[in-house]
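Visitor: Would you mind keeping the following structure in view while I ask a few things?
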Amino acid sequence: MKLTRRMTMAAFAAVLAASSAIPAYAVDLIAIITPSHDNPFFKAEAVGAEAKAKELGYETLVLVHDDDANKQSQLIDTAIGRGAKAIILDNAGSEASIAAVQKAKDAGVPSFLIDREINATGVAVSQIVSNNYQGAQLGAEEFVKLMGESGNYVELLGRESDLNAGIRSKGYHDVIDEYPEMKMVAQQSANWSQTEAYAKMETILQANPDIKGVISGNDTMAMGAIAALQAAGRKDVIVVGFDGSNDVRDSIKSGGIKATVLQPAYAQAQMAVQQAHEYITTGKKPVEEKQLMDCVLITSENADQLETFALTN
Amino acid sequence: MRNLKAAAVLVLAGAMALSSCKIIKTPTSEEAAQAATGGFAPDRMVAEIWDSKVLPYLDKKAGPFPEVAALAASDPDAAGAKYGHKEKQGSAPWTFATRLSGTIVAAETKSRSAYVEVDADGDGKADARVQIGPAIRGTAIRDSLDFVNFNEFKNQIEWAQYGKAFNTHVNGLVLEKLSRDGLVGKKIEAVGAYPLPAKGQLPLVAPARLTVEG
């Protein structure tokens, strides 16, 4: 009895010691907040950021906001409450997110944005984004070439609140609209979603059976479109996507989708964590807040080199 | 309070985007239209700096094409430091300013993104492509300038519109007037810019000045 009690006390003391020791030696925390991992692009970002953070000795808190600005705001509160030293954020809207990032800044937590920018500077420490316009032009140039500079086509747009949906569409049209014989017969948003793109494509195809091509604002929608086209027996329709996912790579290799544009998602996320680490340890900010990462055209010629949003040599 | 700050940040970003515009006293109907679209007028911004800043910069920075191309092939960073520009951060390649003279050895004029192939060293083979529009690929002219910066723009959309405005300007000023007949065999002189090409590809020059004779 005595022995047990002594042991209990010792255990209790040990627990006490351990628990009081945790705050003193706690590992610094980095919060990683992105849209839903259902889209492999966002998953690759989270995985890339997490791997880099762990490599640099951080604990991570990986969260998803599902493109809901209110949920994002709550997650930022969680990150602040948990004492995160930095937030890596792929945000839920270029306007709506400014306040959330400002809130973190006011609480002393710096944010490092990836993939999507916000319409403000001086709030986040860095904004590392793909050069969506450059990438969209590459995709559109290939699309125009595949179409022989003429024919009816469909554009699938991304989520309207996301600046990247607008910039990609602009990049596409700045190229395609230079060709008067290219005619857009339908333009609809499928909100980046594969299932929505499938349904939209089915309907569009019924109204416009004479289409020759589909240009999509991202890869998941391109996957939805190609599935609907194949289900309708339309293997002749040219589909071009944007992102560089493994799904689309496999489709390109098997002769389905014709091209996509790789965004270096994995490298981008790792770079953001590296800059966060610099800032946490030295207080140094990157020379420029907004940083553009160039995109690369992926066709059957280089699809073999693509793996998890990175090109191997 | 939060909203106030956000609003202040927005106003600041807007002010920064506008900082390269001149203030003109009497607003015309065109300016009133611009005010309605938030005051962002990329075409006018480009027109205002074209003669006073863009051409003088390119004329001064441009190196003879054979020299630029040789240095870019052996040491892109050295070539960039001497003849080029790129954003300090991010992963954009160098964009080089160059002065190209030679003979047109081939012309693609059927495509809307027409170009001529130019032999610059007299061996009869093409060393570069010069875009002759009306569709101009990329944003090389914007990207070659060291006095314009993405961080001074509200977002990628405005930065893209600005880049496109350079292409539109050069097309209206120079390229639309160019005859597309019998180009092969003629002499060409161009001052322009091109991004570091991918391996095995010809440099694709966007011209700011262009003359074809002979």
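Visitor: Which count do you get for residues in the range B:149-167 that are surrounded by fewer than 24 Cβ atoms within 10 Å (Cβ to Cβ), closer than 23 Å to B:Thr98 by Cβ and more than 8 Å from every other protein chain (Cβ to nearest Cβ)?
Guide: The number of residues fulfilling the criteria is 2.
Visitor: Take B:Ala97 and decide whether it is buried (at least 19 other Cβ atoms within 10 Å of the Cβ), in contact with a Phe, Trp or Tyr (Cβ under 6 Å, 6 or more places away or on another chain), aliphatic (A, V, I, L, M) and part of a strand (DSSP E or B). Walk me through it before giving the result.
Guide: Numbers: buried (at least 19 other Cβ atoms within 10 Å of the Cβ): yes; in contact with a Phe, Trp or Tyr (Cβ under 6 Å, 6 or more places away or on another chain): yes; aliphatic (A, V, I, L, M): yes; part of a strand (DSSP E or B): yes.
Against the criterion (buried (at least 19 other Cβ atoms within 10 Å of the Cβ), in contact with a Phe, Trp or Tyr (Cβ under 6 Å, 6 or more places away or on another chain), aliphatic (A, V, I, L, M) and part of a strand (DSSP E or B)), B:Ala97 qualifies.
Visitor: Sort out which residues of the range A:217-246 are without any contact (Cβ under 8 Å) to a residue 60 or more places away in the chain, part of a loop (DSSP other than H, G, I, E, B) and of a type in the set (Gly, Ala, Ser), and write them in order of number.
Guide: Within the range A:217-246, A:Ala232, A:Gly233 qualify.
Visitor: Quick test of your reading of the structure: A:Glu178 fulfils all but one of (1) part of a helix (DSSP H, G or I); (2) over 25 Å from the mean Cα position of the chain (by Cα); (3) surrounded by 17 or more Cβ atoms within 10 Å (Cβ to Cβ). Name the failing condition by number.
Guide: (1)
Visitor: A follow-up question, please. With the structure loaded, tell me whether B:Val118 is buried (at least 24 other Cβ atoms within 10 Å of the Cβ), away from chain A (no Cβ under 14 Å) and either outside any helix (DSSP H, G or I) or of a type in the set (S, T, N, Q) (or both) or whether it fails that test.
Guide: Values: buried (at least 24 other Cβ atoms within 10 Å of the Cβ): yes; away from chain A (no Cβ under 14 Å): yes; either outside any helix (DSSP H, G or I) or of a type in the set (S, T, N, Q) (or both): yes.
Taking the combined requirement at face value, the residue satisfies it.
Visitor: In the list A:Leu113, A:Leu75, which residue meets the criterion of being of a type outside the set (Phe, Trp, Tyr) and either buried (at least 24 other Cβ atoms within 10 Å of the Cβ) or within 23 Å of A:Phe242 (Cα to Cα) (or both)?
Guide: Numbers: A:Leu75 fails: either buried (at least 24 other Cβ atoms within 10 Å of the Cβ) or within 23 Å of A:Phe242 (Cα to Cα) (or both).
Step by step, each of A:Leu113, A:Leu75 is checked, and only A:Leu113 is of a type outside the set (Phe, Trp, Tyr) and either buried (at least 24 other Cβ atoms within 10 Å of the Cβ) or within 23 Å of A:Phe242 (Cα to Cα) (or both).
Visitor: Where the second residue is modelled with pLDDT of 95 or more and in a strand (DSSP E or B) and the first is facing another protein chain (nearest Cβ under 9 Å) and within 13 Å of A:Leu113 (Cβ to Cβ) and lies in the range A:283-304, which pairs have Cβ atoms under 6 Å and are six or more apart or on separate chains?
Guide: A:Pro286/A:Ser126; A:Glu289/A:Ser126; A:Glu289/A:Gln127; A:Lys290/A:Gln127; A:Gln291/A:Ile128
Visitor: Quick check: is even one residue across the range A:43-62 in contact (Cβ under 8 Å) with a residue 60 or more places away in the chain, within 18 Å of the chain's Cα centre (by Cα) and within 13 Å of chain B (Cβ to nearest Cβ)?
Guide: Scanning the range A:43-62, I find no residue that is in contact (Cβ under 8 Å) with a residue 60 or more places away in the chain, within 18 Å of the chain's Cα centre (by Cα) and within 13 Å of chain B (Cβ to nearest Cβ), so the answer is no.
Visitor: Still on this structure, I have one more. Could you look through the range A:161-174, keep only residues that are more than 7 Å from every other protein chain (Cβ to nearest Cβ) and within 15 Å of B:Gln161 (Cα to Cα), and pick out the one that is surrounded by the fewest Cβ atoms within 10 Å (Cβ to Cβ)?
Guide: Step one: filter the range A:161-174 for residues more than 7 Å from every other protein chain (Cβ to nearest Cβ), giving A:161-162, A:164-165, A:168-169, A:172-173.
Next cut, within 15 Å of B:Gln161 (Cα to Cα) only: A:164, A:168-169, A:172-173.
Working: A:Asn164: 26, A:Arg168: 29, A:Ser169: 22, A:Tyr172: 27, A:His173: 17.
Restricting to residues being more than 7 Å from every other protein chain (Cβ to nearest Cβ) and within 15 Å of B:Gln161 (Cα to Cα), the top hit is A:His173.
Visitor: Within the bounds of the range A:247-258, is there any residue that is under 25 Å from A:His37 (Cβ atoms), in the same structural domain as A:Phe42 (by TED's automatic domain parsing) and either in contact with a Phe, Trp or Tyr (Cβ under 6 Å, 6 or more places away or on another chain) or in a helix (DSSP H, G or I) (or both)?
Guide: There is no residue in the range A:247-258 that is under 25 Å from A:His37 (Cβ atoms), in the same structural domain as A:Phe42 (by TED's automatic domain parsing) and either in contact with a Phe, Trp or Tyr (Cβ under 6 Å, 6 or more places away or on another chain) or in a helix (DSSP H, G or I) (or both).
Visitor: On to the next question. Select from the range B:78-91 the residues that are modelled with pLDDT under 95 and of a type outside the set (Gly, Ala, Ser) and list them in ascending order.
Guide: First, pick out the residues of the range B:78-91 that are modelled with pLDDT under 95: B:86-91.
Passing the criteria: B:Lys86, B:Glu87, B:Lys88, B:Gln89.
Visitor: Would you mention how many residues in the range A:119-150 are more than 8 Å from every other protein chain (Cβ to nearest Cβ) and over 19 Å from A:Ile30 (Cβ atoms)?
Guide: Counting residues in the range A:119-150 that are more than 8 Å from every other protein chain (Cβ to nearest Cβ) and over 19 Å from A:Ile30 (Cβ atoms) gives 14.
Visitor: Still on this model: Examine the range A:37-54 for a residue that is modelled with pLDDT under 95, polar (S, T, N, Q) and touching a Phe, Trp or Tyr at 6+ places or on another chain (Cβ under 9 Å), and state whether such a residue exists.
Guide: Within the range A:37-54 (the criterion being modelled with pLDDT under 95, polar (S, T, N, Q) and touching a Phe, Trp or Tyr at 6+ places or on another chain (Cβ under 9 Å)), the answer is yes, since at least one residue qualifies.
Visitor: Which one of these is among the hydrophobic types (A, V, I, L, M, F, W, C) and within 23 Å of the chain's Cα centre (by Cα): A:Val237, A:Val296, A:Val287? Outline the logic, then answer.
Guide: On the way: A:Val237 fails: within 23 Å of the chain's Cα centre (by Cα); A:Val287 fails: within 23 Å of the chain's Cα centre (by Cα).
So the residue among A:Val237, A:Val296, A:Val287 that is among the hydrophobic types (A, V, I, L, M, F, W, C) and within 23 Å of the chain's Cα centre (by Cα) is A:Val296.
Visitor: Can we say B:Pro134 is within 20 Å of B:Asn171 (Cα to Cα) and not aliphatic (A, V, I, L, M)? Please lay out each step first, then the result.
Guide: Numbers: within 20 Å of B:Asn171 (Cα to Cα): yes; not aliphatic (A, V, I, L, M): yes.
Criteria met by B:Pro134.
Visitor: What residue, among those in the range B:173-182 that are in a helix (DSSP H, G or I) and away from chain A (no Cβ under 14 Å), is surrounded by the fewest Cβ atoms within 10 Å (Cβ to Cβ)? Even if it seems obvious, please write down each step before you answer.
Guide: Taking the range B:173-182 as the starting set, the residues that turn out to be in a helix (DSSP H, G or I) are B:173, B:175-177.
When the remaining residues are screened for being away from chain A (no Cβ under 14 Å), the result is B:173, B:177.
Numbers: B:Leu173: 15, B:Lys177: 9.
Selected residue: B:Lys177.
Visitor: Go through the range A:88-114 and give me each residue that's among the β-branched types (Val, Ile, Thr) and farther than 21 Å from A:Leu292 by Cβ. Working first, answer last.
Guide: So in the range A:88-114, the residues among the β-branched types (Val, Ile, Thr) come out as A:88, A:98, A:101, A:109, A:114.
Within the range A:88-114, A:Val109 is the sole residue that qualifies.
Visitor: Can you give me the number of residues within the range A:181-197 that are away from chain B (no Cβ under 14 Å), of a type outside the set (S, T, N, Q) and surrounded by fewer than 20 Cβ atoms within 10 Å (Cβ to Cβ)?
Guide: If we filter the range A:181-197 for residues that are away from chain B (no Cβ under 14 Å), which is where we start, we get A:183-197.
Right, trim to of a type outside the set (S, T, N, Q) and you get A:183-186, A:190, A:192, A:196-197.
Keeping just the survivors that are surrounded by fewer than 20 Cβ atoms within 10 Å (Cβ to Cβ) gives A:183-186, A:196.
Residues meeting the conditions: 5.
The values are calculated or read from the model by the stated rules, or taken from the named source; none is laboratory data. Fair warning: this is a prediction, and the values are worked out from it, not measured in the lab. Positions of Cβ are backbone-derived with ideal geometry, glycine not excepted, and every protein chain shown enters the neighbour counts.
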